[in-house]
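Right, one structure below, let's go through it.
Please treat every number below as a calculation from the coordinates, not as lab data. All figures in this text were calculated on a predicted structure; none of them were measured in a lab. Quick reminder, even Gly has a Cβ in these numbers, built from the backbone with ideal geometry, and neighbours come from all protein chains shown.
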Amino acid sequence: MLGLKLATDPRWANIANGNLEEILTDHAFCEQKAASNAISMIVTFGDYSDLVEAMIELAQEEMQHFQMVHKKILDRGWVLGKERKDDYVNELYKFVRKGHKRNILLIDRLLFGAMIEARSCERFKILSENIADKELAEFYHELMISEANHYTLFLGFARKYSDGIDVDERWQEFLNYEASIMANYSKKESMHG
């Protein structure tokens, strides 16, 4: 369904399972950044009213997820700590075309969002099936479903506002680029690392 060209190395589940504190902290900040991305979409593309409404709901949902992850951290006697840099997201963002027509930027930003949600969905599935902590496994199964919905939301808006852009072709380019950078990841205890 997600169309990812390179699956996560199965050994990543072992790395994640070995340091759940770091995974949860990194995950919390991923949720915060997802909310920030939705707010950025509102600011940049405020003239698309249906997109604005969807991004308002998405930002709220992502902050609820942040709160849920933070509670899991606190319940285990840990603290959130400092923000984690997301090299994967920063590298993926380099593929977003800049300096082009506004519509091209809109489509690329939507596909950028879809790509992150697709990879997060895959990672949540891996966690739900492989971590020893049953409560967290169930939690990640529920979030996997949510991420799949976010993925389709972004893709749907990209297709809706394509305005002559071949979204499916551009999506394939995103998938290929993402696969090329994923070869460098799955080696540390972070959601995308």
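Using a cutoff of 8 angstrom between alpha carbon atoms and counting only pairs six or more residues apart, the relative contact order for the chain works out to 34 percent. Extending 7 Å from the Cα toward the beta-carbon at both SER180 and LYS160 defines two label points whose distance is 3.1 nm. A straight line joining the Cα centroids of the stretch 69-97 and the stretch 125-173 runs 17 Å. Arranged from fewest to most other beta-carbon atoms within 10 Å of their beta carbon, ASP163, ASP87, ASP108 become ASP163, ASP87, ASP108. Apply 1/(1 + (r/R0)^6) to the Cβ-Cβ distance of LYS187 and SER36, taking R0 = 45 Å, and write down the FRET efficiency to the nearest 0.05. Efficiency, rounded to the nearest 0.05: 0.95. A simple spin-label model places the labels of ARG102 and GLU142 4.0 nm from each other, with each point 7 Å out along Cα-to-Cβ.
Figure legend: label point modelled 7 angstrom from the Cα of GLU129 along Cα→Cβ; residues of the stretch 142-156 with amide N under 15 Å from it are 142, 144-145.
Checking the cross-link pairs LYS33/LYS188; LYS94/LYS160; LYS71/LYS94; LYS33/LYS98; LYS101/LYS160; LYS98/LYS160 against a 26 Å limit on the alpha carbon distance flags LYS71/LYS94 as lying beyond it.
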